[in-house]
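Okay, structure first, notes after.
The values are calculated or read from the model by the stated rules, or taken from the named source; none is laboratory data. This one's a predicted model, so the numbers in the text were calculated from it and none came from an experiment. So basically every Cβ, Gly included, is an ideal-geometry build from the backbone, and we count neighbours across all protein chains shown.
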Amino acid sequence: MLNIQRFECNMFQENCYVVSDDTKECVIIDCGALHPEERKAMERYISDNGLTPKRLVSTHGHIDHNFGNRFAEDTYGLKPEVSIHDSQLIENLPAQASALIGMTYREEPAEVKNYFDEGEVIKFGNHALDVISTPGHSPGSVVLYSKDENVAFTGDTLFRLSIGRTDFQLGSYQDMMKSLKKLSSLLPADCIILPGHGEQTTMGFETAHNPYFK
């Protein structure tokens, strides 16, 4: 069984997830923790539950999902893992912050530990997350899928009744449509969707009601 704790982070209300199992090992997905209170809340949860963070994984390379990478490295010795196709984004977080929100990003970006591609398996404890490539929001956007638990962390590919923007630099609406079709064929209808922003949903609800699946 997976224990999943969501933290809503930064000015973009980004969802960061701490995912653990009965071994007490955990993986941090999309560490967008920017403000001190967000970082303290995450530290407190991890400490209070006796968890040992093992992996730091990003569903894509945009700044709002990676504000907390340096925090995770300094606190837990973790370095981010992200798709090779988002290397250009993850390696230029300060430039993203400046261009998107006029912010000076003062922390030294964490060095990437692992550039993965589709088919890689993110292992921790007694569980594994399959990497599914879903370009569109960014070239390296991925979905992390636990087949055993029937849960998918969709980042900014799929939201409840919506999808991630495709008008950012390197985004592609055409690729996004292909990725949505791919997800609808791979994920069962009762699969729980945990997105990068907003509330959870299911794959069946989205294919039935999300206008981008029409």
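If a residue must be loosely packed, with under 14 Cβ neighbours inside 10 Å and in a loop (DSSP other than H, G, I, E, B), how many such residues does the range 1-10 contain? Qualifying residue count for the region: 1.
Close contacts from the range 62-76, counting a first residue that is modelled with pLDDT under 95 and surrounded by 22 or more Cβ atoms within 10 Å (Cβ to Cβ) and a second that is of a type in the set (D, E, K, R) and not in a helix (DSSP H, G or I), with Cβ to Cβ under 6 Å and a gap of 6+ residues or different chains, come to none at all. The condition (being touching a Leu at 6+ places or on another chain (Cβ under 7 Å) and under 25 Å from Asn126 (Cα atoms)) is satisfied by just one residue among Asp30, Asp48, Asp21: Asp21. For the range 146-166, state whether one or more residues are surrounded by fewer than 20 Cβ atoms within 10 Å (Cβ to Cβ), over 20 Å from Asp30 (Cβ atoms) and among the small types (Gly, Ala, Ser). No, there is no match, as no residue in the range 146-166 is surrounded by fewer than 20 Cβ atoms within 10 Å (Cβ to Cβ), over 20 Å from Asp30 (Cβ atoms) and among the small types (Gly, Ala, Ser).
Tell me which residues, restricted to the range 21-45, are surrounded by fewer than 18 Cβ atoms within 10 Å (Cβ to Cβ), in a helix (DSSP H, G or I) and of a type in the set (Asp, Glu). Residues satisfying the conditions are Glu37, Glu43. Residues that are under 20 Å from Leu170 (Cβ atoms) and touching a His at 6+ places or on another chain (Cβ under 8 Å) within the range 121-146 comprise Ser133, Pro135, His137, Ser138, Pro139, Gly140, Ser141, Val142, listed in sequence order.
So that you can scan it fast, the table gives a plain yes or no per residue for (1) touching a strand residue (DSSP E or B) at 6+ places or on another chain (Cβ under 8 Å); (2) of a type outside the set (A, V, I, L, M, F, W, C); (3) surrounded by fewer than 18 Cβ atoms within 10 Å (Cβ to Cβ):
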position	(1), (2), (3)
Phe12	yes, no, no
Asn15	yes, yes, no
Val19	yes, no, no
Ser47	no, yes, yes
Val57	yes, no, no
His60	yes, yes, no
Ala99	no, no, yes
Arg106	no, yes, yes
